[in-house]
Protein chains: 2
Amino acid sequence: MSRPPYVSFLVRSSRPDGRIGAAEVVDSVLRELGLGRLPAGSRLPPVRVLEQELGLSKNTVQAAYDELVARGALESREREGVFVAGARGESALPPPVPAPAMLALRPAPGLPPSTPRGLLPLSMVFIDPALLPREKLEECTRSVLRSPGVASLYEAQGYLPLRQAVAARLAARGMAVDASHVIITTGSQQAIDLVARATATPRVAVETPVYSHARLLFESLGLGLTGLPLDPFAGLDLEAWEALLTRDRPGFLYAITSYQNPTGYSYSTHELVRLCELSARLGFALVEDDWGSDMLSMGGYRPTLRQIGGEPVLYINSFTKKLLPSLRVGFLVAPPALVPTLVAFKRLSTLGNPWLTEAIVAEFLERGYYDAHLTSLHHELDARYALCLAALREILPSSVRHTTPGGGPTLWLEIPREVDLAQLQRSVISRGVHIELSAGHFQGPAHLHGFRIGYAYLAPDALRRALHRLAEALAEQGVR
Amino acid sequence: MSRPPYVSFLVRSSRPDGRIGAAEVVDSVLRELGLGRLPAGSRLPPVRVLEQELGLSKNTVQAAYDELVARGALESREREGVFVAGARGESALPPPVPAPAMLALRPAPGLPPSTPRGLLPLSMVFIDPALLPREKLEECTRSVLRSPGVASLYEAQGYLPLRQAVAARLAARGMAVDASHVIITTGSQQAIDLVARATATPRVAVETPVYSHARLLFESLGLGLTGLPLDPFAGLDLEAWEALLTRDRPGFLYAITSYQNPTGYSYSTHELVRLCELSARLGFALVEDDWGSDMLSMGGYRPTLRQIGGEPVLYINSFTKKLLPSLRVGFLVAPPALVPTLVAFKRLSTLGNPWLTEAIVAEFLERGYYDAHLTSLHHELDARYALCLAALREILPSSVRHTTPGGGPTLWLEIPREVDLAQLQRSVISRGVHIELSAGHFQGPAHLHGFRIGYAYLAPDALRRALHRLAEALAEQGVR
């Protein structure tokens, strides 16, 4: 890469057929020089570049450059190339220009900062990587490479065998889904993004507290939000929800019906039925995010909104947390009539997603590895959950309440109102522990007073250590 | 998966400490039954689900269910589970509900339809898969799996070694870029999406004709568009551009400066300098899409906007076309001050992209395979380009003009105005050839009259065959 750059210029033809020969090259260079567009000392394109570009013989371009050198317009330098005459400067580049304008950006969305290094992450939503099937995924990758080999093109809707495997899994859970209704996405985040980009309505209803990346996404796309208060200790106040939905008339409700993030709440079957009835009556669509059910033992036997409401319900799920976060494979199931438009919006967003990771997950599902993995993962998560419940009872004061999601990676810890949460956070940080405060989770005022505890990422010993630190920090504020 | 689903319900505690025992389970079921929320025949959660969820002993939950059976509220069925008494229906699910409302979508963006099967794709923008380094990529995949193994987490900004390798390549081309300024994206499409999502300004300027997926993306995000006419046979009319930019005051200009899609035009160095000056003077930012330069022999030695305008210029490139489209790896280089906000918008879009494909491309770059691949790819593309130019001269009438991009995969064919392009398309389709008409490429009226020809996807024989069919169809309309 030691050759200097060259300036490019347009070779124009004044012939009626548009063809170009040596005369057109000479005329074009002289015209550019006359207009001051080729500064002295600039390097011109090498002969073979022009010859290739214009489809000319080498002799033709060389003849044009020779003519220009003979006229004193250009000069040839041994082993360096052809330059505009009149300067022997070091740089062949044009002179510097004033700094162009800087792109003006919107304010950054208020995402929670990541956990500072060196602290025990007590609010982590991920699962301990030691519990994830890395070796089996590597085996599937090798298999995908062997046969039929790496595909050169991608499919905008997603790799067909993966869509088929997803549809078969959902059908086995009582959801009549065809592969043509499945859109593969980059995790569940892109699935939510597609729905939000494609919707024709200006308002969305969300639970509050809500998965903060969904709330911020909706806001960033200009959607108005109606927050529906969710109290995981009391269940849904459906009369209050109905009043809010009637008042605001959102286009759709985005709901995490199983293992709600961040509370760990799972909707009762009766609540799902009532939401379907409200959807029909008030005319808002249902978008169900079911990230949680397959982290729960027997979670697959609990009805989903999609199961009760059928085809009109949009259904989102992801392999991210359970398989390997770095794979970033999720999916969206949509009513058949909506699929082409949603795929078109996916093309605008990413065109299509990497074929390889889609093929690896398809292979993993086809081999039956996913069910085997979930069985052993449930065993581990159930054990960590049970240890966490025991540790909470043993270590924390009884005035601190918690939800009972039944497994999975996290639960919600509800702290007595008199505790200053920001001070609590500073206090646990000084003890080497990080908790994620949940201001970003609330749409409107916060009716809960606490934060998420992750017991699936930390080894049980580390979790107990972190909870002891939390108990010390609570005692500091008089809660024992 | 033969077990029937179960209905879920919330077990509430009326005790001050929130704790739950058998009495709370009994009370909760009776309350739900009294409220009509558990239909007759519904299956209740298995004992071990409730025991796990609530952190109770098996005996406690069993005792609660026994009590409810004894009171006649529930009934136990051998090997099936516990059900709400009073019905022996087949289904344990709640009764069907009226169909929920359907999500209302915006009109689908008017993307060009894909080439019908069985036709020779004469407008294809991709490169013949036979020219792409599949085996070397498979080798890199195996190496990535061996050491250090598959990562469990992803990085929102993109895999650091890939960002480092990208920065090193750009630095070698005269662009001072640090890895911390690089954001890895799903192809160049996501890079454009991030800029469009994050911009604070309501208007963008684009070339016309323009890469249609960029135009439709901007429109779908509500940005107003200013079309700057590009005539690839005459170069930019910068006075006209300045007038339009002054009139409309867009926030940024999105420009494909090298090998413009769909025309194949490359900006002259003088034009790049003038755009930087206009940017500084009129206050619009520059977003450069440089997808084309590394498909051209010596293209890397031609200055880019980023090189002339420096750090404020946003720079987009991608490995998609040249390496393997199915990998979907591209990148955006941004001024340091803008990187955190752009990464935050990437998190809202996809959180992060698959680690594996990022690691494979990083390995490919680190081994020096990319430069070796480009060298042999240029050789092939140059040969196909030369054959295409020769075929155009030999087969098509001289009134059909074409651009001279100098290599790469496509050029623009300009057809005499008297030809009806829609009729031409129908006529070539009847001859087994597909051309993509370019209505979607224009912002405002079309000042060009033609379409893109792809010579890198079709083998030379197939290209000649397709051009002969095109010549026949032109002759049908009197152009010989």
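Leaving out ligands, DNA and RNA, and with a 1.4 Å probe, what % of the accessible surface on segment A:12-64 is carbon or sulfur?
Values: 1140 of 2360 Å².
Here it works out to 48 percent.
Tally Lys/Arg at +1 and Asp/Glu at -1 over every other residue whose Cβ is under 14 Å from the Cβ of B:Ala99; what's the total?
On the way: positive: A:Arg281, A:Arg306; negative: A:Glu277, A:Glu311.
With Lys, Arg at +1 and Asp, Glu at -1, the neighbours total 0.
For segment B:265-384, which whole percent of the accessible surface, found with a 1.4 angstrom probe, sits on carbon and sulfur atoms? Spell out each step's value before the answer.
Details: 1280 of 2490 Å².
Carbon plus sulfur share of accessible area: 51 percent.
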Practice item. Note every residue of segment B:19-46 with a reduction of at least 30 square angstrom in accessible area, all protein chains present versus the isolated chain, computed with a 1.4 Å probe, or write none. Key: B:Arg19, B:Arg37
Study note, to complete from the structure: Per the C-alpha gyration tensor (a ≥ b ≥ c, the square roots of its eigenvalues), segment A:429-480 is rounded if a/c is under 1.5, else prolate if a/b beats b/c, else oblate; here it's oblate
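Residues of A:297-308, mean number of Cβ from any other protein chain within 10 Å of their own Cβ, rounded to a whole number?
Working: counts 5, 9, 2, 3, 12, 6, 8, 1, 1, 1, 3, 6.
The per-residue average across the peptide is 5.
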Review point. Add -39500 (n - 2.57) for each DSSP H run of 4 or more in chain A, then divide by its residues: what number comes out at 222 nm, to the nearest 500 deg cm²/dmol?
Key: -12500 deg cm²/dmol
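What's the Cα-based Rg to Rh of segment A:42-159, Rh via Kirkwood? Display every interim value, and only then the final one.
Numbers: Rg = 29.2 Å, Rh = 22.5 Å.
Rg/Rh: 1.30.
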Review point. With every protein chain present, what is the per residue accessible area of segment A:19-61 (1.4 Å probe, Å²)?
Key: 39
**Study point:** For B:Trp291, solvent-accessible area (1.4 Å; no DNA, RNA or ligand), Å²
**Key:** 20
Revision key, fill the gap. The ³J(HN,Hα) series, computed from each phi in segment A:40-53 with the Karplus coefficients 6.51, -1.76 and 1.60 at θ = phi - 60°, rounded to the nearest Hz and given as x for glycine or proline, is 3, x, 5, 8, 8, x, x, 3, 6, 5, 5, 4, 5, 4
Practice item. For segment B:391-414, state which residues have at least 20 Å² less accessible area in the presence of all protein chains than in their chain by itself, taking the probe as 1.4 Å and leaving out ligands, DNA and RNA. Key: B:Arg393, B:Ser398, B:Arg401, B:Thr404, B:Gly406
Exercise for review: Measure nothing but the geometry: give the 0 to 90° angle between the long axis through the Cα atoms of A:187-198 and the longest principal axis through the Cα atoms of chain A, rounded to 10°.
Suggested key: 70
Study note, to complete from the structure: Note on chain B: contact order normalised by length, alpha-carbon pairs under 8 Å, 6 or more apart, percent, works out to 19
Practice item. Measure off 7 Å from each Cα along the Cα-to-Cβ vector at A:Leu35 and A:Glu476, then give the distance between these two points in nanometres to one decimal. Key: 7.0
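For segment A:172-303, report the accessible area per residue in Å² (1.4 Å probe, heavy atoms, rounded to an integer). All intermediate terms of the calculation are to be shown ahead of the outcome.
On the way: 2910 Å² over 132 residues.
Result: 22 Å² per residue.
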Practice item. Work through the residues other than B:Val61 whose Cβ is under 9 Å from its Cβ and net out their charges, Lys, Arg +1 and Asp, Glu -1. Key: +1
Exercise for review: Measure out, as a whole number of angstrom, how far apart the alpha-carbon centroids of segment B:324-364 and segment A:14-47 sit.
Suggested key: 40
Exercise for review: Enumerate the amide H contacts of B:Val433 below 5 Å, restricted to partners 5 or more residues apart or on another chain; note that Pro and chain-start residues carry no placed amide H.
Suggested key: B:Leu120
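Antiparallel as a % of all DSSP beta bridges within chain A, to the nearest 5? If you can, show how the numbers build up before the last one.
Working: 23 of 41 bridges.
Beta bridges within chain A, antiparallel portion: roughly 55 percent.
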Revision key, fill the gap. The percentage of the accessible area of segment A:128-259 (probe 1.4 Å, all protein chains present) made up of carbon and sulfur atoms, to the nearest whole number, is 50
Practice item. Name the residues whose placed amide hydrogens come within less than 5 Å of the amide hydrogen of B:Arg302, ignoring near sequence neighbours (fewer than 5 apart) on the same chain. Key: A:Tyr6
Exercise for review: For A:Arg401, enumerate residues with amide H under 5 Å from its amide H, sequence gap 5+ or separate chain, H modeled in the peptide plane.
Suggested key: A:Glu414
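Could you tell me which of the pairs A:Lys136/A:Lys346; B:Lys136/B:Lys346; A:Lys346/B:Lys321; A:Lys321/B:Lys322; A:Lys136/B:Lys136; A:Lys322/B:Lys136 are separated by over 26 angstrom between their Cα atoms in the structure shown? Show your work: numbers first, answer last.
On the way: A:Lys136/A:Lys346 30 Å; B:Lys136/B:Lys346 30 Å; A:Lys346/B:Lys321 19 Å; A:Lys321/B:Lys322 32 Å; A:Lys136/B:Lys136 23 Å; A:Lys322/B:Lys136 31 Å.
Correct reply: A:Lys136/A:Lys346; B:Lys136/B:Lys346; A:Lys321/B:Lys322; A:Lys322/B:Lys136.
Summarise the partner chain shielding of B:342-348 as one whole number: the mean count of Cβ atoms from other chains within 10 Å of each residue's Cβ. It would help to have the intermediate numbers written out before the result.
Working: counts 3, 2, 9, 8, 1, 7, 14.
If you average over the peptide's residues, the count of other-chain Cβ atoms is 6.
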Exercise for review: Kindly compute the accessible surface that chains A and B hide from a 1.4 Å probe when together, both sides summed, and give it to the nearest 100 Å².
Suggested key: 11900
Exercise for review: Quick one: net charge around B:Phe233, please, counting Lys, Arg +1 and Asp, Glu -1 for every other residue with C-beta under 13 Å from its C-beta.
Suggested key: -1
Practice item. Using a 1.4 Å probe on the heavy atoms of the protein chains only, list every residue of segment A:152-196 that has 30 Å² or more less accessible area in the complete assembly than in its chain alone. Key: A:Ser152, A:Leu153, A:Tyr154, A:Ala172, A:Thr186, A:Gln189
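Evaluate peptide B:4-13: per residue, the Cβ atoms of other protein chains within 10 Å of its Cβ; return the mean as an integer.
Numbers: counts 2, 10, 5, 7, 14, 6, 12, 1, 3, 2.
Per-residue shielding by partner chains comes out at 6.
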Revision key, fill the gap. To the nearest 10 degrees, the tilt of helix A:238-248 (Cα long axis) against the first principal axis of the alpha carbons of chain A is 30
Study note, to complete from the structure: Residue-ordered couplings for segment B:472-477, obtained by feeding phi - 60° into the Karplus form 6.51 cos²θ - 1.76 cosθ + 1.60 and rounding to whole Hz (Gly and Pro as x), are 4, 5, 5, 4, 4, 9
**Study point:** segment B:54-67 - phi-based ³J(HN,Hα) in whole Hz, Karplus 6.51/-1.76/1.60, Gly and Pro as x
**Key:** 8, x, 9, 6, 4, 4, 5, 5, 4, 4, 5, 4, 4, 4
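The values are calculated or read from the model by the stated rules, or taken from the named source; none is laboratory data. These numbers were taken from a predicted model, which means no experiment stands behind them. For neighbour counting, all protein chains shown are included, and Cβ atoms are generated from backbone atoms with ideal geometry for every residue, glycine included. All accessible areas refer to the heavy atoms of the entire protein, side chains included, with ligands and DNA or RNA removed. Shrake-Rupley method; radii C 1.70, N 1.55, O 1.52, S 1.80 Å.
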